Amino acid sequence: MNLIFLGPPGAGKGTHAVRLAHELNIPQISTGDMLRQHVREKTALGQEASRFMDAGELVPDDVIIGMVRQRLQQPDCANGYIFDGFPRTVAQAEALSSFTDIDAVINLIADDEVIIRRLSGRRVCSACSGTFHISRLENPTVCPDCGGTLIHRADDAEETVLNRLEVYHRQTEALIAYYRNKGLLLDVQGGGGVEENYAGVKRALKLA
Ligand code: AMP
């Protein structure tokens, strides 16, 4: 099954994609995670991408499309995959359709106020990529799952979050109509609690 999680930053794409990928035994492909790894490893791609990421802007389409095309050639993608944070523009979606078929697109719906509250309190584990809200952590710097170090992503700072949301509305939201027209879109409420939202994802995919 080839799936896409669409939605604003902080709608729960990563949380649900990781869990579903684990259950279906297929890889979760997060272009954000791939880019952050390039930045950490100081590759040429990472150096080009970081100035866009720091500002909450989108990395140019050709960089992203090349990176994804390569990733899909890995053997672990043979039985399907879940995209999280890709595509983010119609140009990326068009390119994707030229080299793969998508079975369904989960559109996670959440209000801007919910997103701002979630992201400004979000902490991410630098070891396992798990995400947590600060209000639920006993220790705000230690991952409760694996003991790794929790970080507050620079682009989760409030000012950058506002820009990322604006970029979502301006450049990514058009994908809702794009995939609805193709008959692939499944709307799922993402504004509630994690379990409730995840149950909605499973129902939409007829997996529950
Ligand atoms: P994310 O972790 O998905 O929120 O992505 C973090 C940042 O990486 C975004 O704010 C963008 O700067 C960049 N990024 C991730 N995925 C894409 C994409 N598909 N197209 C363009 N930029 C991306």
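Annotations
- The alpha-carbon of Lys206 sits under 18 angstrom from the alpha-carbons of these aspartates and glutamates, leaving out residues fewer than 8 places away in its chain: Glu23, Asp103, Asp187, Glu195, Glu196.
- Heavy-atom accessible area order for Ile116, Ile82, largest first, 1.4 Å probe: Ile116, Ile82
- Only Lys, Arg, Asp and Glu carry charge here, each on its Cβ (+1 for the first two, -1 for the last two); on that basis segment 63-104 has a dipole of about 180 debye about its Cα centre.
- Converting phi to 3J(HN,Hα) with the Karplus coefficients 6.51, -1.76 and 1.60 and the offset θ = phi - 60°, segment 6-13 yields 10, x, x, x, x, 7, x, 4 Hz in sequence order, with x at every glycine or proline.
- Helical runs (DSSP H, four residues minimum) scored at -39500 (n - 2.57) apiece and divided by the length of the chain put the mean residue ellipticity at 222 nm at -13500 deg cm²/dmol.
- With θ taken as phi - 60° and the Karplus curve 6.51 cos²θ - 1.76 cosθ + 1.60 applied, the whole-hertz 3J(HN,Hα) list for segment 114-129 is 5, 4, 5, 4, 5, 6, 5, x, 7, 10, 10, 7, 6, 9, 10, 6 Hz, x standing for glycine and proline.
- Scanning residues 5 or more positions from Gly130 or on other chains, those with amide H under 5 Å from its amide H are Cys125, with H placed 1.01 Å from N in the peptide plane.
- Couplings for segment 19-32, taken from phi via the Karplus curve 6.51 cos²θ - 1.76 cosθ + 1.60 with θ = phi - 60°, read 5, 5, 4, 4, 5, 8, 6, 10, x, 9, 10, 9, 5, x Hz in order; Gly and Pro are left as x.
The values are calculated or read from the model by the stated rules, or taken from the named source; none is laboratory data. This structure is a prediction, so every number in the text was calculated from the model and none was measured. When we count neighbours, we look across all protein chains shown, and the Cβ atoms used for this are built from the backbone with ideal geometry, even at glycine. The accessibility values were calculated without ligands, DNA or RNA, using every heavy atom of the protein model including side chains. Shrake-Rupley method; radii C 1.70, N 1.55, O 1.52, S 1.80 Å.
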